[in-house]
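Worksheet for the structure shown next.
The values are calculated or read from the model by the stated rules, or taken from the named source; none is laboratory data. Nothing here was measured: the structure is a model prediction, and the numbers come from that model. Please note: Cβ atoms are built from the backbone with ideal geometry, for glycine as well, and neighbour counts cover all protein chains shown.
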């Protein structure tokens, strides 16, 4: 079992949608997040005047991830945020409605550290593909001493833990978790088995796994060549976005599509619809690889196991 993490959140103004701070126990990093409407309060905080990284987030209904993002760095992050907030300024970024600031509690981050983190954050965001970046360039990481580079990579790993807690997923790359044996009841609830979905008539087979609570269809999985369901179905638009952005690519003979990379779906049914090319119940269509156990049954078995293992009742 992996070690747990203690993430401390503080609502600075007592409102769930307002300015908040986040910390991880024994990590020198510090995160402050605020809606644009609370930017004035954010700029007054001492953390915002330090050297660090910032992320600007806004809605983008035309992109696959539904978000626009800008990643930057600064010796005094508050000055950079002030520039971005001024629409008349050439550096103005009108798209954003939320700002995230990452600094260090011990104030040991230098300009070189911040530039390294900016480059790595941009690379990770591009790899994850969950938001469309508005950065004009993707600078390569600068050279740091070995010890400093190790420290910055640790900073990044901790940031990748705390940011999703704040609902910021732009650095989360779809990945695979260790597949577990269906004969091992101890690990079946902590690591997801592999699920498969097949369309024998068109020769399509797809594989998926639940990774960090997200239903992820794996690279190399296949999908029907075209959408055949209702023209007004919501998942048709999702399928079109996957086609347009290259997540789905046609095979040379045009017989079917292939997932060019891992992709996270909002639900098993969304994934099943994209694979089948029409509306499909993912809870019944996805089955544990090599068995007839459906995804929905696997979920229910987990609930029953928890209830039978001595969960206290009032």
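A quick yes/no check of all residues on (1) at pLDDT 95 or above; (2) within 21 Å of residue 164 (Cα to Cα):
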{"site": "71", "(1), (2)": "yes, yes"}
{"site": "90", "(1), (2)": "no, no"}
{"site": "96", "(1), (2)": "no, yes"}
{"site": "101", "(1), (2)": "yes, yes"}
{"site": "105", "(1), (2)": "no, yes"}
{"site": "118", "(1), (2)": "yes, yes"}
{"site": "121", "(1), (2)": "yes, yes"}
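One residue alone among 106, 151 is in contact (Cβ under 8 Å) with a residue 60 or more places away in the chain, farther than 30 Å from residue 265 by Cα and not in a strand (DSSP E or B), and that residue is 106.
Cβ separations smaller than 7 Å between residues 6+ apart or across chains give the following pairs from the stretch 244-271 residues that are on the phi > 0 side of the Ramachandran plot and free of Cβ contacts under 8 Å to residues at least 60 places away in the same chain to residues that are part of a loop (DSSP other than H, G, I, E, B) and surrounded by 14 or more Cβ atoms within 10 Å (Cβ to Cβ): 246/260; 254/225. Among the residues of the stretch 199-206, at least one is in contact with a strand residue (DSSP E or B) (Cβ under 9 Å, 6 or more places away or on another chain), assigned to a loop (DSSP other than H, G, I, E, B) and surrounded by fewer than 13 Cβ atoms within 10 Å (Cβ to Cβ).
Is it fair to say residue 113 is farther than 30 Å from residue 265 by Cα and touching a residue at least 60 places away in the same chain (Cβ under 8 Å)? So residue 113 passes the test. Residue 183 - would you say it is over 23 Å from residue 9 (Cα atoms) and modelled with pLDDT of 95 or more? No. Picking from residues in the stretch 7-20 that are surrounded by fewer than 18 Cβ atoms within 10 Å (Cβ to Cβ) and touching a strand residue (DSSP E or B) at 6+ places or on another chain (Cβ under 7 Å), the one that is farthest from residue 105 (Cα to Cα) is 17. Just one of the numbered conditions (1) more than 23 Å from the chain's Cα centre (by Cα); (2) over 25 Å from residue 132 (Cα atoms); (3) touching a residue at least 12 places away in the same chain (Cβ under 8 Å) is not true of residue 283: (1). Counting only helices (runs of 4 or more DSSP H) that fall entirely inside the stretch 260-310 and contain at least 3 residues that are assigned by TED's automatic domain parsing to the domain that holds residue 216, closer than 18 Å to residue 239 by Cα and in contact with a helix residue (DSSP H, G or I) (Cβ under 8 Å, 6 or more places away or on another chain), the qualifying elements are 268-276. May I ask you to list the residues in the stretch 109-139 that are surrounded by fewer than 22 Cβ atoms within 10 Å (Cβ to Cβ), in contact with a helix residue (DSSP H, G or I) (Cβ under 9 Å, 6 or more places away or on another chain) and part of a loop (DSSP other than H, G, I, E, B)? Of everything in the stretch 109-139, those that are surrounded by fewer than 22 Cβ atoms within 10 Å (Cβ to Cβ), in contact with a helix residue (DSSP H, G or I) (Cβ under 9 Å, 6 or more places away or on another chain) and part of a loop (DSSP other than H, G, I, E, B) turn out to be 110, 135, 137, 138, 139.
The single condition among (1) out of contact with any strand residue (DSSP E or B) (no Cβ under 7 Å at 6 or more places or on another chain); (2) within 20 Å of residue 219 (Cα to Cα) that residue 297 does not meet is (2). Among the candidates 230, 192, 198, the residue that is at pLDDT below 95 and over 17 Å from residue 299 (Cα atoms) is uniquely 230. Tell me yes or no: at least one residue of the stretch 49-56 is part of a loop (DSSP other than H, G, I, E, B) and under 22 Å from the mean Cα position of the chain (by Cα). Among the residues of the stretch 49-56, not one is part of a loop (DSSP other than H, G, I, E, B) and under 22 Å from the mean Cα position of the chain (by Cα), which makes the answer no.
What number of residues within the stretch 221-250 are surrounded by fewer than 19 Cβ atoms within 10 Å (Cβ to Cβ), over 20 Å from the mean Cα position of the chain (by Cα) and not in a helix (DSSP H, G or I)? So the count comes out to 10.
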